[in-house]
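Read through the structure below, which is laid out as structure tokens, and then see the notes.
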Amino acid sequence: MKFIRCLLFAAFAATGAAATEPPRERLPFNDGWKFTRGDHPDTGNALDYERVRLWVLPTGDELLNYLPVPRARSDGMPGGRPIQYARADFDDGAWRALTLPHDWAIEGPFDQQLSGDTGKLPYADVGWYRKKFTLPASDAGRRVHLEFDGAMSYALVWCNGEFVGGWPYGYTSWRVDLTRFLKPGAENTLAVRLDNPRESSRWYPGAGLYRNVWLSKSGDVAVARWGVAVTTPQVSAESALVNVAVTLDNLTAEPAEVQAVVRLFAADADGRAVGEPVAESAPQGHACPPAGRRTSPTRSS
């Protein structure tokens, strides 16, 4: 068979409690945000990166393959005290309502005193975003992540007044785990602070939540984020050999018996699957250890 375009689906089956969990959802989360420039007057230098970095750095531990378990963030509260704009009960009624993506610098005004390398636009500043949303009661027990395609820069995230995590680099996607901070069936409040240093770029960097934001929901046993790796070591006009490795996360306290199932479909011009699978692989199950990961290599041809 000649493969013009193919679409891959990876799923898994699990035994025990994980077998009854609903499928993964990834929902657009761009609407309903409030925005303001600058910090609250009483913030001072409490949120300078050198003061909060030990709370921020563990956010990226899931990307590191040399840590047996993620690092615990520092105890206490970043800044050493409640931050007014992060409080769940803060009145943001006077803030500007907007829909993401949003770049506060591209709105101007141009300033001839600024560097021409960065477009003479006012990117260097602090900006805050807040959003209120209700999480369905049916999401109790699910794993919920807030995913950012890009946030410029030195981002800090609070949920219901509690610090969640952050990410310093403005050009890459990242996420924070909201699960233990959320109130299913009730209103929740998010606050995101960004800080763009003046001496940080040789070109126009953008500013703010300038890419899409998503709310991702899954079970405690699930295909890991970016957990599907595909290689095609043999390809000809008649056939192809496709190797697929699926990485699963088990965030429970018990081992889970899991099975990764991979199906390849022909894809139409819009990238949608058509017809029956052209190839499928369902190897024997694996034990996914508690609080760990298991990578299951599979092959379809």
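Data for the structure
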| item | result |
| --- | --- |
| Surface per residue (accessible, 1.4 Å probe) for segment 113-251, Å² | 39 |
| Relative contact order %, segment 147-289, counting alpha carbon pairs below 8 Å whose residues are six or more apart | 18 |
| Cα-based Lys pair tally, segment 112-268, threshold under 24 Å, eight or more apart or on separate chains | 5 |
| Cβ crowding within 10 Å averaged over residues, with 168-174, 243-249 ranked highest first | 243-249, 168-174 |
| Order by protection proxy (mean Cβ within 10 Å, highest first), peptides 207-218, 45-56 | 207-218, 45-56 |
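The values are calculated or read from the model by the stated rules, or taken from the named source; none is laboratory data. Not measured: the values here are computed from a predicted model. Cβ coordinates were reconstructed from backbone atoms using ideal geometry, including for glycine residues, and neighbour counts include every protein chain displayed. Ligands, DNA and RNA are stripped out before the accessible areas are found, and what is left, the full protein with its side chains, is counted by its heavy atoms. Shrake-Rupley method; radii C 1.70, N 1.55, O 1.52, S 1.80 Å.
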